[in-house]
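Please read the structure below before turning to the comments.
The values are calculated or read from the model by the stated rules, or taken from the named source; none is laboratory data. The structure presented is a predicted model; accordingly, all values stated were derived computationally and were not measured. No Cβ is skipped: glycine too gets one built from the backbone with ideal geometry, and neighbour counts run over all protein chains shown. Note: accessible area is taken over every heavy atom of the protein model, side chains too, but ligands, DNA and RNA are not part of it. Shrake-Rupley method; radii C 1.70, N 1.55, O 1.52, S 1.80 Å.
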Amino acid sequence: MCGIIGYVGDKDSAPIVMAGLRRLEYRGYDSAGIAVISKGRLQRRRSVGKVELLSKMLEEEPLKGNVGIGHTRWATHGKPSQDNAHPHTDCGGKIVVVHNGIIENYIEIRERLQAEGHKFSSETDTEVIAHLVEHHLKRLGSGGKALSDVTEPLFFEAVRQTVREMEGAYAVGILWEGCPGTIIGARKQSPLVVGAGQGENFLASDVSAFLERTRKVLFLDDGDIVLLNASGIKLFNVDGKKREISYTNVQWDQTMAEKGGYKHFMLKEIHEQPTAVEDTLRGALLPLDDKTMKAEFGFDSEFVKKIEKIQIVACGTAYHAGMVGEYVIEHFSGIPVHVDLASEFRYREAPVRKNTLLIAISQSGETADTLAAVRENKKNGGVHTLAICNVVGSSLTREAQSTFHTRCGPEIGVASTKAFVGQLTALFVLALHLGVARGRLSADEGLKYAHELLKLPQFMRDALKLDGDIKAMAERLAQRGHYLFLGRNANYPIALEGALKLKEISYLHAEGFAGGEMKHGPIAIIDEGMPVLGIAVKSQILDKMLSNLQEAKARGAHVVAIVSQSKHKLKGDIDAELAIPVTDEYFSPALTVIPLQLFAYYVAAARGCDIDKPRNLAKSVTVE
Ligand code: F6R
């Protein structure tokens, strides 16, 4: 995820901003930049790659001044490049902006400003903010006043008008040459914090960026706009009303601050999942029309009508997302879907049909087997490859004809969690677009499902409230040697994913099965007290799943059922239940996976495992 640091005070800002950027490196990024008001002029340096490269650039061309902002960028709109790196400026280079989040209506704003004569120099959504502030400054400062006459209240008003026009999520830091001692920050749905120091103040995306200089922190709320100068901090809401400031004295050490107070990145990322889904849905879902589908997936309904088969390739957790995709796409669109492990597909000599859409799913976009499968398909004359990927500019996105970007932010824990729900979200959105384009869903039905999808983040937040119950349960069950996970239909892959998560981080033996398959062999391994975690949420075949759990219980298993928050017939026959909100059966995997991720996490924690860096595993598998 991108990182922001801003400094205003009596010291030279560049070294402090650069130290902040180094502290933010843990978040993952692909480029970095800094802007300082140096001798009354705004100047910036930007570079692709590591903060160290930016540092070398500054050694050659230093920046001096008491006010500065910096940014580490994780690309969401536009490839990682110097032009796309933050800070971004207006036409005259007098305003600079750093931004985390996604401006949903940036295309609309950019087109409007271009028509007014604004010149854009990047592919980012962020750049519109600088131009919009410029636009409002001109408008508010018109009537013969030169821009340099406009002072802090006008800067504030221009920013306030700007953020009122922005839809989506943002945390921004803005500097303007015309008001050289002030940084303005604003937030909506993306975190932004202020650090109050002695004769110096800070703005940052998280406290780790300035923790070594102050622990007195103001956590901004949605809609807040904050003005920082060397001597003080002023807080307003988006209506321009002054707000009381209440500081928190943060006790975290640096490592805890990086993990947002969570013990491990994996736990932090599990809790970030509602936001990951919200961000991935942003702009991608509605309206379910050709324009949105083309922009997000790179094809239109004419192409969709020709598709005879969809072939999905992926590895590990991404493969499980693909398996859910098979159920969901077939259900909503009626298009036959085949899913393969990329490592198998590349050698399988699968016959390529003319009108096959290949979907390659990968968090990193660098997985060797997935890349090879895509190349193999191309060689054999496959028609179109769509990548579903979390890393803009990765090898996979360069190989594929089009890419849907999951907007989950960098995933640091080796065990994939938030990227998985991002992949599921991408597949849900795709399935609805395909369903409407193929005429299997009417426009109204599509809309109804889309609205259900939009409720998922809140449902996920509710499911995360099970954290404490699951921790207690996991601690009780952590010393068993073998674990079974059962699911059916779209939740069968979630049983596999639950087992994979447990294996990866706790090194325990776990297996996932489709409930109906138990009697064909696996049921033989059940013995007294063996934990069996079954997914028994609202579904057309819930009764069948409940019978499968009863069969396990009858053989002495310790049965934990993940159920919908509604009545079911199993009461009394199970040892524990975890109730999650009710959603459409085909979207439920994004919810049912949460208790299983938490279970794996707390079992591994109880066993003292190195959760973020499990033995023998790497985050990105770039070799075969
Ligand atoms: C499991 C996990 C791996 C990855 C797999 C594919 O938690 O992280 O199974 O899902 O190695 O990686 P990507 O998605 O980067 O292609």
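Given the condition more than 21 Å from Val621 (Cβ to Cβ) and either within 16 Å of the ligand (Cβ to nearest atom) or outside the structural domain of Ala618 (by TED's automatic domain parsing) (or both), answer yes or no: does some residue in the stretch 390-400 qualify?
No, the stretch 390-400 contains no residue that is more than 21 Å from Val621 (Cβ to Cβ) and either within 16 Å of the ligand (Cβ to nearest atom) or outside the structural domain of Ala618 (by TED's automatic domain parsing) (or both).
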Residues (within 21 Å of Glu157 (Cα to Cα) and aromatic (Phe, Trp, Tyr)) located in the stretch 106-144: Tyr106
Considering residues that are among the hydroxyl-bearing types (Ser, Thr, Tyr), under 28 Å from Asp222 (Cβ atoms) and assigned to a loop (DSSP other than H, G, I, E, B), the number found within the stretch 86-122 is 1
Could you list, in sequence order, all residues of the stretch 407-434 that are outside any helix (DSSP H, G or I) and near the ligand (Cβ under 10 Å from one of its atoms)? Glu411, Gly413, Val414, Ala415, Ser416, Thr417
With respect to Ala590, is the statement that it is open to solvent by 10 Å² or more (accessible area, probe 1.4 Å) and part of a helix (DSSP H, G or I) true? no
So, in the stretch 446-474, how many residues would count as being within 25 Å of Ile388 (Cα to Cα) and either within 16 Å of the ligand (Cβ to nearest atom) or open to solvent by 10 Å² or more (accessible area, probe 1.4 Å) (or both)? 10
Mind listing whichever residues of the stretch 460-511 are in a strand (DSSP E or B) and more than 21 Å from Phe428 (Cβ to Cβ)? His482, Tyr483, Leu484, Phe485, Leu486, His509, Ala510, Glu511
So, first residue in contact (Cβ under 8 Å) with a residue 12 or more places away in the chain and more than 13 Å from Thr182 (Cα to Cα) in the stretch 217-229, second residue surrounded by 21 or more Cβ atoms within 10 Å (Cβ to Cβ) and among the charged types (D, E, K, R), Cβ within less than 7 Å, six or more apart or across chains; the pairs are Leu220/Arg187; Asp222/Arg187; Asp224/Arg187
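For the structure I just gave you, tell me whether Arg44 is open to solvent by 20 Å² or more (accessible area, probe 1.4 Å) and modelled with pLDDT under 95.
Taking the combined requirement at face value, the residue does not satisfy it.
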Just one of Glu308, Glu296, Glu326, Glu366 is within 19 Å of the chain's Cα centre (by Cα), touching a residue at least 12 places away in the same chain (Cβ under 8 Å), on the phi < 0 side of the Ramachandran plot and more than 16 Å from the ligand (Cβ to nearest atom); which is it? Glu296
So Gly199 ticks every box in (1) open to solvent by 10 Å² or more (accessible area, probe 1.4 Å); (2) free of Cβ contacts under 8 Å to residues at least 40 places away in the same chain but one. Which box is left unticked? (2)
For the stretch 275-286, indicate whether the set of residues that are crowded, with 21+ Cβ neighbours inside 10 Å, of a type in the set (A, V, I, L, M) and within 16 Å of the ligand (Cβ to nearest atom) is non-empty. yes
Quick count over the stretch 296-346, residues being open to solvent by 40 Å² or more (accessible area, probe 1.4 Å) and of a type in the set (Phe, Trp, Tyr), is 3
Looking for something on the phi > 0 side of the Ramachandran plot, without any contact (Cβ under 8 Å) to a residue 12 or more places away in the chain, small (Gly, Ala, Ser) and more than 14 Å from the ligand (Cβ to nearest atom) - is there at least one such residue anywhere in the stretch 260-272? yes
